[in-house]
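The values are calculated or read from the model by the stated rules, or taken from the named source; none is laboratory data. All of these numbers come straight from a predicted model, not from anything done at the bench. Virtual Cβ from ideal backbone geometry, glycine too; neighbours counted across all protein chains shown.
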Amino acid sequence: MKIFLDTANIAEIREAASIGMLDGVTTNPTLIAKEGKEFKSVLEEICEVVPGPVNAEVVSVDFTGMVREGEVLAKIHPKIVVKVPMIKEGLKAIRKLTDQGIKVNTTLIFSPSQALLAAKAGANFVSPFIGRLDDISQSGMDLIRQIIQIFDNYEIATEVLVASSRHPLHVVESALIGADIVTMPYKVFEQLLKHPLTDIGLKNFLSDWEKFKSTYKAENLLELLKVR
Ligand code: E4P
């Protein structure tokens, strides 16, 4: 399963990329606005750092506007994937953009029927927003299960990009179900690698080492291993 960061913050993106765990990035108008920088330069900077797809969203809601914005966004960098909202005009725009070879992610998916239509329109990715469903007491994970089942039934190649994740359990459950990608805030990315027992275990190993290293007559491990 691929891991994307859901942020336009370049410091967070650099940090995740430096660990070698980052497959792509999703942004949206809210996340870009939060950075207070020029739209295009934020995307260019992100594309330089991230090895895979960088999702950038259109802000028009009419067919012509979405297609025009999508074409311009796609020209910024070959890694750009154009995010188009799941609306009637959006479905037409998806077809038009993908016919030109531009990669499209359909965003703001909240039902299996929306995912099916987006896939039929030719979207390369669909983004079901699971956290926002959980927020209104509907199961986001159930939606992921249903979409994957439908895509499997018809061997649909559109990738399921789980969006609006809120915590590590969302990531683990997505992996268990077989989602293609999960995008997450940097905070969730960091939580994925942490466990309190890891920290306690490491602390104990190191304090035991400090206590007993004198019996080895060595100051550190390299000395013990006779590395000069
Ligand atoms: C996805 O591409 C969206 O940017 C994002 O996951 C939305 O998450 P939120 O519901 O936490 O705003």
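Points worth noting:
- Pick from segment 207-224, criterion surrounded by fewer than 10 Cβ atoms within 10 Å (Cβ to Cβ) and either part of a helix (DSSP H, G or I) or among the small types (G, A, S) (or both), ranking: modelled with the lowest pLDDT: S214
- On inspection, I13 qualifies as within 16 Å of the ligand (Cβ to nearest atom), part of a helix (DSSP H, G or I) and not small (G, A, S).
- Restricted to segment 86-97, and to residues there that are in contact with a helix residue (DSSP H, G or I) (Cβ under 8 Å, 6 or more places away or on another chain) and not small (G, A, S), the residue that is surrounded by the most Cβ atoms within 10 Å (Cβ to Cβ) is I94.
- Top-ranked residue in segment 36-68 [being part of a strand (DSSP E or B) and not charged (D, E, K, R); ranked as surrounded by the most Cβ atoms within 10 Å (Cβ to Cβ)]: A56
- Qualifying positions in segment 110-125 - more than 10 Å from the ligand (Cβ to nearest atom) and either in a strand (DSSP E or B) or more than 13 Å from V82 (Cα to Cα) (or both): F110, S111, P112, S113, Q114, A115, L116, L117, A118, A119, K120, A121
- Contact map, segment 124-140: first residue over 22 Å from I3 (Cα atoms), second residue small (G, A, S), Cβ cut-off under 6 Å, separation 6 or more or different chains; the map is empty.
- Test: residue in segment 58-80 that is under 17 Å from M184 (Cα atoms) and either away from the ligand (no atom under 16 Å from the Cβ) or out of contact with any His (no Cβ under 8 Å at 6 or more places or on another chain) (or both): no
- Within segment 16-35, tally of residues that are exposed (fewer than 15 other Cβ atoms within 10 Å of the Cβ), within 15 Å of the chain's Cα centre (by Cα) and within 14 Å of the ligand (Cβ to nearest atom): 0
- Pairs linking a residue in segment 15-40 that is without any contact (Cβ under 8 Å) to a residue 40 or more places away in the chain and within 24 Å of K103 (Cα to Cα) to a residue that is within 11 Å of the ligand (Cβ to nearest atom) and in a helix (DSSP H, G or I), with Cβ atoms under 7 Å and 6 or more positions apart or on different chains, are F39/I32.
For every residue, the table says whether it meets (1) of a type outside the set (D, E); (2) crowded, with 21+ Cβ neighbours inside 10 Å; (3) part of a helix (DSSP H, G or I).
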| residue | (1), (2), (3) |
| --- | --- |
| S127 | yes, yes, no |
| Q138 | yes, no, no |
| M141 | yes, no, yes |
| I150 | yes, no, yes |
| V160 | yes, yes, no |
| H170 | yes, yes, yes |
| V182 | yes, yes, no |
